[in-house]
Amino acid sequence: MSSPRLAYLLKKFPRLSETFVQNEILSQERLGAEIHVFSRRKPDDEPRHPEFRGLRATVEVLPDPKEIDPWRVLFAGRDPEAKLERVRSVVRTARDWNHPRFPGLLAEALHLVERTQELGIEHVHAHFATDSALVAMLLRELGGPTYSITAHAKDIYRNTVDVALLDRLFGQAEFVVTVCDANVRFLAERLGARAMDHVRRLYNGVDLSTFSPSTLPREPAHVPSPQVLEPQVLSIGRLIEKKGFHVLLEALALLERRGLCVEATFVGEGEERPRLERRIAELGLGDGVRLVGALDQDQVRGLLRTAAVLCLPCLVGRDGNRDALPTVLLEALASGLPAISTPVTGIPEILDHGRAGVLVPENDPLATADALEELLRDPGRRDRLARAGRARAEELFDARKNALTLRGWFEEALERRAACASPA
């Protein structure tokens, strides 16, 4: 007998920058879960990580909300009066939300009422407490499956977040995962007790067998003279404000003025690329900094195993957005690569408050340059940090262990649903 059916409801799947979602689904499948993925929008035309080929789940792209006929759904099947009453109740409640996309989200939810019934879906999980989570909540209020949410960063920290709606989303969910203790503290200051009763901290995990230290010794980064070093500094992420890539460029320019010409590789794409390219030229960094664009996980693993230092100087953006638990820092720790970052949100939890990596103040090029120079000139310290980082990854960020915890929460939610559906 197959296990109860679980669906993931996502804005777009797959996405190159959201490896944590793909890895989570793959981990659940390895534990025996039968999963269906609803992608609310067609995925972007971008490379796929090699691991995507191992996905068993069907990925179903929803029709555009404008193409959905809600009247057909409402009057199909049994008891259309009950369906209409649920819709009336939802619309009455939603008037207070003043959500600009509500009509389209309601159409998606009505479409999913029918599809989840056809597929036998009993529980839906959404990543990010944004529109996908709202569709999951509407689906539940229309008589569909129960739902849960993973809350990350932009969905809770941005200045535009509607706290009252967030409180409702969390309060109606079976449970809410968030990815670091810093997020839990932030939410506890803003949400009511009922919503917080559903919040649970669970770190994202990485595959410790594929992200692992190289079997070969890491190339030393000795500095015999103030000449060009081997390429050592690596930075990975979407090219957006909160990653702080411009801070790293300023730090590299400071090192060059000191006579330490360090080659650096930036992996990722994003809206900040033109600005970064201009700044590279202005600082005279020339060929010492390479923007190589987006890469798949195999290519990223190769860079993590050969670089000397990973630097990700995250900061709080002007709109309040910030990183909660940057996946690349988890991958660096697992790969035995010393990391430099900032004390933003959950990053100190990753780097064990400076014991498994180096923390520098956010938006501080001088402190970032000093930390880079110290690590590049001290192979012994890099080795100690690498060992501490790997131990930290094994303790807290093992994808297999964390997947078991999440699987248990899914099973509890499904059991509660079954108990409610059973006659007394």
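Observations
- Test: residue in the stretch 17-24 that is without any contact (Cβ under 8 Å) to a residue 40 or more places away in the chain, of a type outside the set (A, V, I, L, M, F, W, C) and either touching a Phe, Trp or Tyr at 6+ places or on another chain (Cβ under 9 Å) or crowded, with 20+ Cβ neighbours inside 10 Å (or both): yes
- Among (1) assigned to a helix (DSSP H, G or I); (2) touching a strand residue (DSSP E or B) at 6+ places or on another chain (Cβ under 7 Å); (3) not assigned by TED's automatic domain parsing to the domain that holds Thr146, the one test that Ala413 misses: (3)
- Within the stretch 133-156, being closer than 17 Å to Asn183 by Cβ and either among the hydrophobic types (A, V, I, L, M, F, W, C) or surrounded by 22 or more Cβ atoms within 10 Å (Cβ to Cβ) (or both) holds for Ala133, Ser148, Ile149, Thr150, Ala151, His152, Ala153, Asp155, Ile156.
- Selection count, the stretch 254-267, where residues are out of contact with any strand residue (DSSP E or B) (no Cβ under 6 Å at 6 or more places or on another chain) and touching a residue at least 60 places away in the same chain (Cβ under 8 Å): 4
- Residues (assigned to a helix (DSSP H, G or I) and either outside the structural domain of Val124 (by TED's automatic domain parsing) or of a type outside the set (A, V, I, L, M, F, W, C) (or both)) located in the stretch 13-38: Thr19, Gln22, Asn23, Glu24, Ser27, Gln28, Glu29, Arg30
- Some residue of the stretch 69-88 being within 30 Å of Thr405 (Cβ to Cβ), of a type in the set (Val, Ile, Thr) and either more than 24 Å from the chain's Cα centre (by Cα) or in a helix (DSSP H, G or I) (or both): no
- Some residue of the stretch 356-368 being under 17 Å from the mean Cα position of the chain (by Cα), within 12 Å of Phe397 (Cβ to Cβ) and in contact (Cβ under 8 Å) with a residue 24 or more places away in the chain: no
- Criterion violated by Asp298 - all others in (1) within 21 Å of Glu374 (Cα to Cα); (2) in a helix (DSSP H, G or I) satisfied: (1)
- Asp45 falls short on exactly one of the conditions (1) touching a helix residue (DSSP H, G or I) at 6+ places or on another chain (Cβ under 9 Å); (2) farther than 27 Å from Asp162 by Cα, and that condition is (1).
- Among the residues listed as Thr327, Thr342, Thr368, the single one being modelled with pLDDT of 95 or more, touching an Asp or Glu at 6+ places or on another chain (Cβ under 7 Å) and closer than 24 Å to Phe245 by Cβ: Thr342
- Pick from the stretch 324-381, criterion outside any loop (DSSP other than H, G, I, E, B) and charged (D, E, K, R), ranking: surrounded by the most Cβ atoms within 10 Å (Cβ to Cβ): Glu331
- Sole exception among (1) among the hydrophobic types (A, V, I, L, M, F, W, C); (2) under 26 Å from Arg417 (Cβ atoms); (3) in a loop (DSSP other than H, G, I, E, B) for Leu139, by number: (3)
Matching residues to (1) surrounded by fewer than 17 Cβ atoms within 10 Å (Cβ to Cβ); (2) in a helix (DSSP H, G or I); (3) in the same structural domain as Leu325 (by TED's automatic domain parsing); (4) modelled with pLDDT under 95:
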position	(1), (2), (3), (4)
Asn159	yes, no, no, no
Leu166	no, yes, no, no
Leu191	no, no, no, no
Arg194	yes, yes, no, no
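- Single match in Leu304, Leu285, Leu315 (criterion: aliphatic (A, V, I, L, M), surrounded by 18 or more Cβ atoms within 10 Å (Cβ to Cβ) and under 12 Å from Leu234 (Cα atoms)): Leu304
- Flag if Ala107 is part of a helix (DSSP H, G or I), crowded, with 19+ Cβ neighbours inside 10 Å, out of contact with any Leu (no Cβ under 9 Å at 6 or more places or on another chain) and modelled with pLDDT of 95 or more: yes
The values are calculated or read from the model by the stated rules, or taken from the named source; none is laboratory data. Everything numeric in this text was worked out from a predicted model, so none of it was measured. Reconstructed Cβ throughout: ideal geometry from the backbone, glycine too, with neighbour counts over all protein chains shown.
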